[in-house]
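The structure under discussion appears below in the form of C-alpha cells.
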Amino acid sequence: MISIIIPCYNEEETIPFYLKAIAPVRHQVSEPFEFIFVNDGSTDHTLSVLRKASTDLKGVRFISFSRNFGKEAALLAGLREAKGDYVAVMDVDLQDPPELLVKMYDIITTKNVDCVATRRDTREGEPIIRSFFAELFYKIVNKISSTKMVDGARDFRLMTRQMVDAILSLTEYNRFSKGLFEWVGFETEYIAYDNVERSTGTSKWNFWSLFSYSIDGIINFSEMPLNIASVMGALACLFSGIAMIYIIIRTIVFGDPTSGWPSLVTIVLFVGGLQLLSLGIIGKYISKIFLETKRRPNYIIKEKSDEDTSSKW
Ligand code: UDP
Ligand code: MG
C-alpha cells in the first residue's frame, strides 16, 4: 500500500481540486492508496470537507488537530499514522503535481532507491525577494552544516517504510523536515519539475515566517553560529590586547596621555555589541534546549476519521 500524507491548513477550496486531480493517478499505480489528510487547526470549513471526503471516498482518512501546530507537526502526525509500505508527503494546493507520483513509484520500485524526492527547476512565479532569500539560505546552510540540503527541494517525496521508520526514530521536538530527510541518509533520487502555482487560495507563509523557519533550519542543523561567536570574541581580545600593549609602550616612551574619548566610546560600543550578539546566539540555542526539555507533544489530536467503510471512488 502507498500512504499519502497531506497537511491542510485553511484549504477548504483546494481539497476538492486535489481529490479530482489525484483520482486518475490511483488507477495508474498497481498498489492501493491510503490518503491521510491532516487538518492543522484550520479556521475555515476544511474539517467538514475532510469529514465528508472520508465518509464518501474509499481510502481517505483524516486527523484533526486541536489548533494550528504548523506543517512540521502535521507531517509528523501523518508519518506516525501511515501504514503503507511506501509513504508520500505532498501539499494539497497542487503545487506538487499528482501525476509525478506515478513516475516516482516507478523509480522507487525499479531503481531500488529508498526515496524519490522532487526539486523545482525554477522559482518562476515566486516573488523575487523570496527567491533571493531562499537561495541565500541554501548557500549559508550548506556551507555551515554537514547535512546537505538541496536548493529548491520540495517536501514532496515518496519514501520506503524503512526510511519512514528512521525518520520516526528521531524524537526531537524541533523538527526541520528538510534537514531530517537528509540527515537519516538513505539513497535519494531527485527529479526536477517546473514550478507550479497554487491551485487556489493563498500561501500560508509570509516573509517573516519563512525567515524564522530558515533560522530554525540553521540552528537545528549547525553549531557554526556558536563557533562564529567564539571566534569573534577571540579576535576582539587579540586586537584589543595588541592595542593595549601599543598604548602602554607609547605612554612610557613618549609620555603623552592617551587622547580621544570618541575612539574609546566606539570601541566600548563595538565590544558591547559583540557581547550582545554572542549572547543572542547562545540564547537561540538555549531556547531550543528549553523547548526540547519540556517534552511537550508536537501536536494534539482532537478528532480522527472513523474506520474506513466506504467503497466508492
Ligand atoms: N500547511 C499546514 N500548516 C501550516 C501551514 C501550511 O499544514 O501552518 C500546509 C498547507 O495547507 C499546504 C502546505 O502546508 O498543504 C504548504 O503550504 P503553502 O502552500 O501555504 O506553502 P508554499 O507552497 O507557499 O510554500
Ligand atoms: Mg503551496
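What to note about this one:
- Filtered residue count, segment 113-133, keeping only those that are in contact (Cβ under 8 Å) with a residue 40 or more places away in the chain and either farther than 19 Å from Asp194 by Cβ or surrounded by fewer than 16 Cβ atoms within 10 Å (Cβ to Cβ) (or both): 12
- When Phe181 is tested against (1) under 11 Å from the mean Cα position of the chain (by Cα); (2) within 14 Å of ligand 1 (Cβ to nearest atom), exactly one condition is not met: (2).
- Of the residues Leu76, Leu50, Leu94, Leu101, the single one that is assigned to a helix (DSSP H, G or I), of a type in the set (A, V, I, L, M) and either within 16 Å of ligand 2 (Cβ to nearest atom) or under 17 Å from Asp306 (Cα atoms) (or both) is Leu50.
- For segment 164-216, the candidate set comprises residues that are of a type in the set (Lys, Arg) and surrounded by fewer than 18 Cβ atoms within 10 Å (Cβ to Cβ); within that set, the residue that is nearest to ligand 2 (Cβ to nearest atom) is Arg198.
- Selection status of Ala21, within 16 Å of ligand 2 (Cβ to nearest atom), more than 30 Å from Asn174 (Cβ to Cβ) and among the aliphatic types (A, V, I, L, M): yes
- Top-ranked residue in segment 187-227 [being among the acidic types (Asp, Glu) and within 15 Å of ligand 1 (Cβ to nearest atom); ranked as nearest to Tyr138 (Cα to Cα)]: Asp216
- Looking only at segment 81-91, and only at residues there that are in a loop (DSSP other than H, G, I, E, B) and buried (at least 22 other Cβ atoms within 10 Å of the Cβ), the one that is farthest from ligand 2 (Cβ to nearest atom): Ala82
- Ile140 vs. criteria of a type in the set (A, V, I, L, M, F, W, C), more than 16 Å from ligand 2 (Cβ to nearest atom) and either touching a Cys at 6+ places or on another chain (Cβ under 8 Å) or at pLDDT 90 or above (or both): yes
The values are calculated or read from the model by the stated rules, or taken from the named source; none is laboratory data. Please read all numbers here as calculations on a predicted model, not as lab measurements. Cβ atoms come from the backbone with ideal geometry, glycine included; neighbour counts cover every protein chain shown.
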